[in-house]
Structure formats: C-alpha cells, structure tokens
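For reference, the structure discussed in these notes is given below.
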Amino acid sequence: MKTVDARGLSCPEPVILTKNAFVSKEKEYQVLVDNVTAKENVSRFAVHQGYQVTVKEQGEDFVLHIRK
C-alpha cells in the first residue's frame, strides 16, 4: 500500500499527489489530508478513476483508504 501525506497542502495539490501515486498501479493507497475540501476532492477524484474510498477521522486529520 502506497501512502500519500498531503497534510498541510491546499487543493489542488492533494489531488495531484494522489494522481501521481496512481501511476504505480497499486491496488491500495492511503491518503492523509487535514481539511474537508481536500478530503472531498481526493475522494471524488478517486471514485471517478474507478476506486472505492473509505474515510476515517484521526484527530484533526482524515485518512482515506483507496482501493480498486
């Protein structure tokens, strides 16, 4: 599982980092973000790419588990 740490970044950077990670064609990814807008945008992008997304809140952060 590839992890993308996009905490502290504002959109579109978290989406771009996630898109770049998808190039590795792994089956699972974990994306860490720290704001609602990034959570929603990364989730929407991943779903449009054919992935399933589950989100967990971890303190102030959101952990997105993305898988095919």
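Within the range 7-32, residues that are more than 15 Å from Gly50 (Cα to Cα) reach partners that are in a loop (DSSP other than H, G, I, E, B) and of a type outside the set (Gly, Ala, Ser) with beta carbons closer than 6 Å, at six or more positions or on different chains, in the pairs Arg7/Asp34; Gln30/Met1; Leu32/Arg7. Total residues in the range 36-53 satisfying the condition of being free of Cβ contacts under 8 Å to residues at least 12 places away in the same chain, under 14 Å from Lys19 (Cα atoms) and not hydrophobic (A, V, I, L, M, F, W, C): the figure is 2. Restricting the first member to the range 54-68 and to residues that are farther than 14 Å from Asp5 by Cα and hydroxyl-bearing (Ser, Thr, Tyr), and the second to residues that are at pLDDT 95 or above and surrounded by 10 or more Cβ atoms within 10 Å (Cβ to Cβ), the beta-carbon pairs closer than 6 Å and six or more apart or on different chains are Thr54/His65.
Of all residues in the range 32-68, those that are part of a helix (DSSP H, G or I) and not aliphatic (A, V, I, L, M) total 8.
The values are calculated or read from the model by the stated rules, or taken from the named source; none is laboratory data. Quantities reported herein were computed from a predicted structural model and do not represent experimental measurements. Cβ atoms come from the backbone with ideal geometry, glycine included; neighbour counts cover every protein chain shown.
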